[in-house]
Amino acid sequence: MNASPLIEIRQLVTRFGEHTVLNGVDLDLYAGEIKVVMGPSGCGKSTLLRCLNRLVEPSSGLIRFRGQDITAPGTDVRALRQSIGFVFQQFALYRHLTVLDNVSLGLRKLRGLRRAEAEQKALQELDRLEMAGHRDKYPAQLSGGQKQRVAIARALAMDPAVVVFDEPTSALDPVMSREVAALINRLHDEGVTMLCVTHDLVLAQNIADEVIFLDQGRVLAQDSIARLAKDHADPRVRAFFGRDGDKA
Amino acid sequence: MTAWQSFAGDLLEQWPLLATGLRQTLMLTITVSLTGFLGGVLVFYLGLSPRRWLRGLINGYISFLIGMPLIVLLFLMYYGLPQWGIRLTPFAVAVLGFTLNVAAYNAAYLRTAYNGLDAAELEAASAQGFGHGQRFRLIILPQVLRLSVPALTNQVILNLKDSTLAFLIQYTEFFARVQELASTNFQFFKAYLLAAVVYLALVSVVVVAARALERRLILPGSLH
């Protein structure tokens, strides 16, 4: 593990008008690591991810990416975004493009690769996710799990420094969810750095030893799910992670 | 000689003039359908600008032109502008007036389709690092155009029918020639029936072409 984190978030605050969504979040993510952020709906999980690539502008605080403060004016936001692979909740594939074009578009238009080169690289990524056979299909012809794989291939094709997942299993059935967990573990073994936001306990348990619990815009706890469910002082934390809630 | 025979005789005699009129009608319709389409895409694009003042200006443009009868715009330019020393040919006025009007309508159709797009796809494009223009060209426009084929081709039909207005600014298109035909033999019913049949035939061509275009552009597995 490197001495300095790939992503370093300090005292991150994000407000939408009067409403404070993130209220002083700290988080470190090292290269090769996978971190899971959990919390109830509206706790600011998705906003946290969107601050990383400036889809949402932080109100204050610091985000360092490879040591650079990316909240500073003059940051090349488009270059930043190209180095953060984003996998969306509903997969957000471009519906007018085939699977192959979905994955190769960024390579061609952002990296300037020729079509043949871009398609070769895209096919490699699709192959890695066992989707190469679906290259000529359109998103509407794919199942949820297949769309998810294409979305991941699209993110990986750009060789990002980190891949972030926004609720990767919320649109999938339990069987598919387990497959996603296996897939994320495989990517982790291959050295992909990942940050995953979810409220799927099974997924979290399967992919990470520890989770970060976000509540009302703050990191309330960071520990293993078992310990958070049993031993944490805050009843809200126990209630979230406990299988039958807080009965105290 | 029956009335039909005399009408047929006049028709044959005036046919060269009617054909010229038909050519003028087609020329105007095709020209303004193209310029109105391109103008519509441009207006739609500018309406998505991150600059608030530009969006306001474009919204104003669309509201103003949709709110104003086309004939008023045509008269304003054809009869009004010469008072300021600006004289344009009937064809130039017609092309300019129709283009301004049709572009506003087309932009409104495109905007409607845009409002129905999946916001997550647009966010995904931004997240990938695409700039404003790339997002428009690569993600928004191909989807919006596809969704708008029925509305845009319908506008071509409207353009064809509205081209009859141009004779009021001295542009001698097909309908103007039919009027001349009617006034030479006073067979109004037959003459205007002829006009109706010709316009219907032209519209049918557009409809068939539109359907073919829609079939070509349909995405596998989708309802659109």
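Among the residues of segment A:22-43, the ones that are more than 18 Å from A:GLU8 (Cβ to Cβ) and in a loop (DSSP other than H, G, I, E, B) come to 5 in all.
On the stretch given as segment A:141-155, residues that are within 12 Å of chain B (Cβ to nearest Cβ) and of a type in the set (A, V, I, L, M, F, W, C) total 4. Between A:VAL211, A:VAL197, A:VAL237, the distinction of being more than 28 Å from B:SER126 (Cα to Cα), buried (at least 16 other Cβ atoms within 10 Å of the Cβ), at pLDDT 90 or above and in contact with a helix residue (DSSP H, G or I) (Cβ under 8 Å, 6 or more places away or on another chain) belongs to A:VAL211 only.
Of all the criteria given as (1) more than 10 Å from chain A (Cβ to nearest Cβ); (2) part of a helix (DSSP H, G or I), the one not satisfied by B:ARG87 is (2). Among the residues of segment B:165-191, those that are among the polar types (S, T, N, Q) and in contact (Cβ under 8 Å) with a residue 60 or more places away in the chain comprise B:GLN170, B:THR172, B:THR184, B:ASN185, B:GLN187.
Checking each residue in segment A:71-101 for being crowded, with 21+ Cβ neighbours inside 10 Å and within 20 Å of the chain's Cα centre (by Cα) picks out A:ARG81, A:GLN82, A:ILE84, A:GLY85, A:PHE86, A:VAL87, A:PHE88, A:PHE91, A:ALA92, A:LEU93, A:TYR94. Residues of segment B:182-214 that are more than 22 Å from B:ILE30 (Cβ to Cβ) and of a type outside the set (A, V, I, L, M, F, W, C): B:SER183, B:THR184, B:ASN185, B:GLN187, B:LYS190, B:TYR192. Of all residues in segment A:11-21, those being exposed (fewer than 14 other Cβ atoms within 10 Å of the Cβ) and either in contact (Cβ under 8 Å) with a residue 12 or more places away in the chain or part of a strand (DSSP E or B) (or both) number 3. Against the conditions (1) at pLDDT 95 or above; (2) under 17 Å from the mean Cα position of the chain (by Cα); (3) more than 9 Å from chain B (Cβ to nearest Cβ), A:GLU167 satisfies every one except (1).
Within segment B:192-224, if we keep just the residues that are of a type in the set (Gly, Ala, Ser) and at pLDDT 85 or above, the residue that is nearest to B:LEU22 (Cα to Cα) turns out to be B:ALA195. The single condition among (1) in contact (Cβ under 8 Å) with a residue 40 or more places away in the chain; (2) of a type outside the set (Asp, Glu); (3) outside any helix (DSSP H, G or I) that A:VAL150 does not satisfy is (3).
Considering segment B:183-219, the residues that are within 14 Å of chain A (Cβ to nearest Cβ) and out of contact with any helix residue (DSSP H, G or I) (no Cβ under 6 Å at 6 or more places or on another chain) include one that is farthest from B:SER163 (Cα to Cα), namely B:LEU219.
Kindly evaluate B:GLN179 against the criterion of being at the interface with chain A (Cβ under 10 Å from one of its Cβ atoms) and either surrounded by 15 or more Cβ atoms within 10 Å (Cβ to Cβ) or assigned to a helix (DSSP H, G or I) (or both). In short, no. For segment A:50-70, a tally of residues being surrounded by 15 or more Cβ atoms within 10 Å (Cβ to Cβ) and either outside any loop (DSSP other than H, G, I, E, B) or within 14 Å of chain B (Cβ to nearest Cβ) (or both) returns 13. Hey, any hits in segment A:107-127 for a residue that's touching a residue at least 12 places away in the same chain (Cβ under 8 Å), under 20 Å from A:GLU179 (Cα atoms) and crowded, with 16+ Cβ neighbours inside 10 Å? The answer is yes; a qualifying residue exists.
Restricting segment A:170-182 to residues that are in a loop (DSSP other than H, G, I, E, B) and either β-branched (Val, Ile, Thr) or within 22 Å of A:LEU49 (Cα to Cα) (or both), the residue that is farthest from the other protein chains (Cβ to nearest Cβ) is A:LEU172. For segment B:188-202, the condition of being part of a helix (DSSP H, G or I), exposed (fewer than 15 other Cβ atoms within 10 Å of the Cβ), on the phi < 0 side of the Ramachandran plot and not hydrophobic (A, V, I, L, M, F, W, C) holds for none of the residues. Per this entry, B:ALA127 is counted among residues that are within 23 Å of A:VAL77 (Cβ to Cβ), buried (at least 20 other Cβ atoms within 10 Å of the Cβ) and within 14 Å of chain A (Cβ to nearest Cβ). Elements of the type helices (runs of 4 or more DSSP H) sitting completely within segment A:71-140 and holding at least 1 residues that are at pLDDT below 95 and more than 7 Å from chain B (Cβ to nearest Cβ): these cover A:77-82, A:115-128. Within segment B:107-131, work out how many residues are within 12 Å of B:PHE44 (Cβ to Cβ) and in contact with a helix residue (DSSP H, G or I) (Cβ under 8 Å, 6 or more places away or on another chain). Residues meeting the conditions: 8. Taken over segment B:157-173, the criterion of being part of a helix (DSSP H, G or I) and under 19 Å from B:LEU34 (Cβ atoms) is satisfied by B:ILE157, B:LEU158, B:ASN159, B:LEU160, B:LYS161, B:ASP162, B:SER163, B:LEU165, B:ALA166.
The values are calculated or read from the model by the stated rules, or taken from the named source; none is laboratory data. Note that the structure is a prediction, hence the values are computed from the model and not measured. Cβ atoms come from the backbone with ideal geometry, glycine included; neighbour counts cover every protein chain shown.
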